[in-house]
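Note sheet for the following structure.
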Amino acid sequence: MEITPRAVVIPKETGHLEQGKYGPVFPRSPACHGFTIVAKVKSGRGEAIRDHGRALAEALEADPHLLAPLKLHYLRWVLFDDDTRFMYQGIFDTDFDKYTEDAVDLFSRSGVSTAFENLEGFPEDWRTNPEAFVRFVRAHHCPSFVEYGEYPYVTADEIKKALRIKSALSEMLDQLQ
């Protein structure tokens, strides 16, 4: 099976898209689903966001599967403009509505807070009010207009399965030598 890289243009207008629980459902792209949030950091809270990143990394060391319900490929956090703005990029396999509900549920159940609490306008009641969380994310979302995938439409679970098969085959071949 040959995998052909693909790119798609994401429409600027969303009125024609299927409407989900929280607004338009963007089509799955070759990079799967995702979003980019750019928001202002509360004054002096840049280091708190970095601390949160370190705490999340430590939590993942203790439980590497902590974020598994989110079906993530990648997350990227960037502080810029002298720590006055924050960019959050996530690529995942589920649609926006499911990702958002899963994130609110995961952080509420685990007791882990979100770095977003350090952003201007983020709702204090986000744990009990997913709609407010969604409104914040949608208001700060900067949609991409082109998305590219070297291995298009492949889920994180499929990638992990292929890597397990590769490892098993390598081990089997090493034992044959």
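The values are calculated or read from the model by the stated rules, or taken from the named source; none is laboratory data. All values reported here derive from a predicted model rather than from experimental measurement. No Cβ is skipped: glycine too gets one built from the backbone with ideal geometry, and neighbour counts run over all protein chains shown.
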Yes or no: segment 52-64 includes at least one residue that is more than 20 Å from the chain's Cα centre (by Cα) and either of a type in the set (Val, Ile, Thr) or modelled with pLDDT of 90 or more (or both). yes
Check segment 7-27 and report whether any residue there is within 21 Å of Gly121 (Cβ to Cβ) and either in a helix (DSSP H, G or I) or touching a residue at least 60 places away in the same chain (Cβ under 8 Å) (or both). yes
Between Glu131, Glu124, which is modelled with pLDDT under 90 and over 20 Å from Trp77 (Cβ atoms)? Glu131
Tell me yes or no: at least one residue of segment 29-45 is under 25 Å from Glu101 (Cβ atoms), part of a loop (DSSP other than H, G, I, E, B) and among the β-branched types (Val, Ile, Thr). no
Kindly indicate the residue of segment 81-119 that is in contact with a strand residue (DSSP E or B) (Cβ under 8 Å, 6 or more places away or on another chain), at pLDDT 90 or above and in a loop (DSSP other than H, G, I, E, B) and also nearest to Tyr22 (Cα to Cα) among those meeting that condition. Thr94
For segment 110-125, check the following and say yes or no: at least one residue is of a type in the set (Phe, Trp, Tyr) and more than 20 Å from Ser43 (Cα to Cα). no
May I ask you to verify whether Val9 is modelled with pLDDT of 85 or more and at negative phi? yes
Across segment 42-56, what is the total count of residues that are surrounded by 13 or more Cβ atoms within 10 Å (Cβ to Cβ) and either closer than 20 Å to Leu72 by Cα or in contact with a helix residue (DSSP H, G or I) (Cβ under 6 Å, 6 or more places away or on another chain) (or both)? 8
